[in-house]
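*Asks:* Take this structure, written in structure tokens, and hold onto it; I'll ask about it next.
The values are calculated or read from the model by the stated rules, or taken from the named source; none is laboratory data. Keep in mind it's a predicted model, so treat the numbers as computed, not measured. Glycine also receives a Cβ, built like all others from the backbone with ideal geometry; neighbour counts cover every protein chain displayed.
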Amino acid sequence: MKFSAAVALSFISLSAVAKGTPSDTSINGVAVIFSYSTSIFPVSWQAPPINAKGKPLTASEIPRCKTVMIKALEKYPAGALKNELTAVYFLKSMAFYDVGYGGTNSTDNLYLTNDGAAKGYTSLYLEQTFHHEYSSILYRNHPNYLNETAWKNANIDSFDYNDPENGVGAIRNNESSQDLDQELCKKGFLTQYSLSGLENDINTFAQNMFSPSPGFWEIVDRFPRINKKLQLLIAFYNKIDPLFTEEYFRKLIK
């Protein structure tokens, strides 16, 4: 989940990190921040029409967030993090354009929400959201690493991504399911949310490559259009670091 490219490229400093709480930490060179103020968001997000706002993470969720982040960040070699990702901020909730978001990203920071496993914020969900949002940063930083023409050619004929707001409309209209959908897989899409934009389609593949939902690899092996996109995204990640191969991703556990 994200903003337009212009907004996503807004700069955010880490001045808030220095003023953090004792729970704030660093994992594999990435700051993981649990303290909250509106200053964590870029200034351009704080004004209308975006009106960024959030609520601080419940303290009892901090240990689980740390565990998730250790697991997630260990899947990336140092070179795939350095100069790409500075900080990950955890909140209980956040909203932009008066729409609730599960995650978003700025130039080199991620913002993730966690309102407890009982409300659907499972550890799998949290890790997938991290990989989902981080893939946006990598895609934005290395646009020439992905063959977008071949990616679009893997879709059914005459398909156009259907959300001019690049996912915001899908969230607002309750059309952002991330459940794997085999009917959509026949057409080249993993989930309903994948239909809303090219970047969201990429994000959905990335989250399942690094932290697969049950049945993901069976879907890859069954549906040629899905397999084609997977190969294109593996090639993208392999340009970032040669560790990233199909064999590597197939060995990752949830």
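*Asks:* Report yes if Asn83 is outside any helix (DSSP H, G or I) and more than 19 Å from Tyr193 (Cβ to Cβ), otherwise no.
*Replies:* yes
*Asks:* Any residue at all in the stretch 23-42 that is within 20 Å of the chain's Cα centre (by Cα), surrounded by fewer than 13 Cβ atoms within 10 Å (Cβ to Cβ) and not charged (D, E, K, R)?
*Replies:* Yes: one or more hits.
*Asks:* Before we move on, is Ala72 in contact (Cβ under 8 Å) with a residue 24 or more places away in the chain, part of a strand (DSSP E or B), in the same structural domain as Ile50 (by TED's automatic domain parsing) and surrounded by 14 or more Cβ atoms within 10 Å (Cβ to Cβ)?
*Replies:* When the stated conditions are applied, Ala72 does not pass them.
*Asks:* Got a sec? Which of Glu148, Glu218 is under 24 Å from Asp108 (Cα atoms) and at pLDDT 95 or above? Walk me through how you get there before you give the answer.
*Replies:* Numbers: Glu218 fails: under 24 Å from Asp108 (Cα atoms).
After applying the criteria, what remains is Glu148.
*Asks:* Considering only the stretch 80-98, state which residues are modelled with pLDDT under 95 and either surrounded by 15 or more Cβ atoms within 10 Å (Cβ to Cβ) or touching an Asp or Glu at 6+ places or on another chain (Cβ under 7 Å) (or both).
*Replies:* Tyr97
*Asks:* I need the full set of residues from the stretch 216-251 which are surrounded by fewer than 13 Cβ atoms within 10 Å (Cβ to Cβ) and outside any helix (DSSP H, G or I), in order please.
*Replies:* Pro242
*Asks:* Out of curiosity, is Asp115 outside any helix (DSSP H, G or I) and without any contact (Cβ under 8 Å) to a residue 24 or more places away in the chain?
*Replies:* No; evaluated as a whole, the condition is false for this residue.
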